[in-house]
Structures are given as structure tokens and as C-alpha cells.
Amino acid sequence: MSCLVTLESFRVYSGATISSEDGRITAIIEGVSDLVSRYTHRDFEFNAYDESFDIWDYDIDVVKVRNFPIVSVVGLTDDGNLIASSKYKIYKREGVIALKERTYISQYYRRDHFFTKGYQTVEVSYWGGHEIIPDSLQLAVKMASNRLYNEIGSEDMLSEKIGAYQYTKKTMSPEEFFTPTEKLILNLYKPIT
């Protein structure tokens with residue numbers, strides 16, 4: 001995972017001016033960027049991605065990729081059969097691929113307007129992610145990185161013992177690490193399933 005913010009933009013945000021701290025700051029930004037990826041369950045960088053989908057019902061005609069926005073779809077297959085691009089619509093910003101409008105035959109939908117039910121029957125190859133990381137996402141990363149940068153050495157302790165000195169450091173999951181304000185921003189980038 002690469003950094004979601006640059007060292008220079010973090011320095012401007014935090015007011016950090018000591019260049020000897022650059023290695024530490026970069027490590028913090030990389031760590032926070034990784035936590036953001038884990039918290040949101042996705043990658044943000046523009047890249048080529050492949051995803052497979054389980055279809056658990058007979059009337060599913062939509063899949064949502066994790067690494068939106070979609071820039072372009074290279075291929076969409078259903079049960080090993082390539083689907084022509086004229087048969088589906090891409091909602092790029094939302095990361096949604098939907099089969100085209102259904103038509104009725106008596107009271108039933110036509111069968112070719114749904115994905116095949118089964119384990120990983122739908123596969124998508126696409127280019128997606130952000131070519132430029134959104135400002136709000138960068139802000140959340142800067143906020144969390146700055147908080148961590150200023151708190152190093154003052155981590156919360158779960159317990160401490162004085163005789164034969166011993167302490168237990170609090171452990172945290174990505175969900176516990178971010179503040180409510182940071183979560184508010186990051187939740188905008190979580191895929192909705």
C-alpha cells in the first residue's frame with residue numbers, strides 16, 4: 001500500500017518542520033494509510049483489479065465492486081461466459097455494474113437478464129480507484145497521522161506494575177483507532193454491500 005498523503009502535504013497540515021523526523025512521519029503515514037484500507041475494506045489507488053462475486057439468488061442483476069470509482073471495465077463474465085458491454089450499464093462513481101433493463105415474458109423475467117446463481121459465478125476485470133486521492137480522504141489520513149505523530153510515547157496503557165516494572169499496552173483494531181470525525185469521513189468511502 002502506498003501513502004494516501006504526501007510527506008509535504010502532511011508537513012503543511014501539521015506544521016512539522018524538522019526534516020530529521022521525515023522517516024518517522026512517513027512510517028506513520030504508511031501505517032495510517034494501511035489502517036484506512038483495512039477500515040474501509042478497499043484500495044484507493046488507481047489500478048487494475050479482478051473481483052469474483054457469489055450470486056445467492058436467481059434474481060440478482062447488479063454487482064458492486066470494492067475499489068470504486070470504476071474507470072473502465074475490461075471484462076465481465078457470468079458463469080464463464082463473456083457478457084457484451086452492450087448488455088450492462090456501468091455506474092462509475094458508485095462502482096456498480098447492472099445488467100440492462102429487464103423485459104417481461106408473461107409473468108416471468110427473461111432469464112438472460114440475471115446473473116447465474118452460484119459460488120463466484122460472476123467475475124469482473126476493471127480499472128478503478130482514484131487517480132487523485134479525494135481531499136476529504138486526505139484530510140482524514142492527515143488528522144489520524146497528526147494525532148499519532150503527536151501521541152507517540154504517550155500511548156494508552158491497559159495496566160502498569162511498578163515493582164519489577166511491567167506494563168501492558170492497549171491493543172486496537174482499525175475500528176477503534178479512528179476518532180468519530182475521522183470515521184464520519186472514512187465511512188463515505190466504504191463499499192455498501
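Values in this text are rule-based calculations from the coordinates and carry no lab data. Fair warning: this is a prediction, and the values are worked out from it, not measured in the lab. Note that each Cβ is placed from the backbone with ideal geometry, even for glycine, and that neighbours are counted across all protein chains shown.
Odds and ends about this structure:
- If you plug the beta carbon distance of ASP59 and ARG24 into 1/(1 + (r/R0)^6) with R0 = 41 Å, you get a FRET efficiency near 0.15.
- Two-site label geometry, LYS92 and HIS113: point separation in nm, points 7 Å out along Cα→Cβ: 2.7
- Lys pairs under 22 Å by Cα in the range 1-150, provided they are eight or more residues apart or on distinct chains: 11
- Low-density loop positions, GluC sites (Glu not before Pro), the range 27-105 - DSSP coil, at most 13 other Cβ in 10 Å: GLU101
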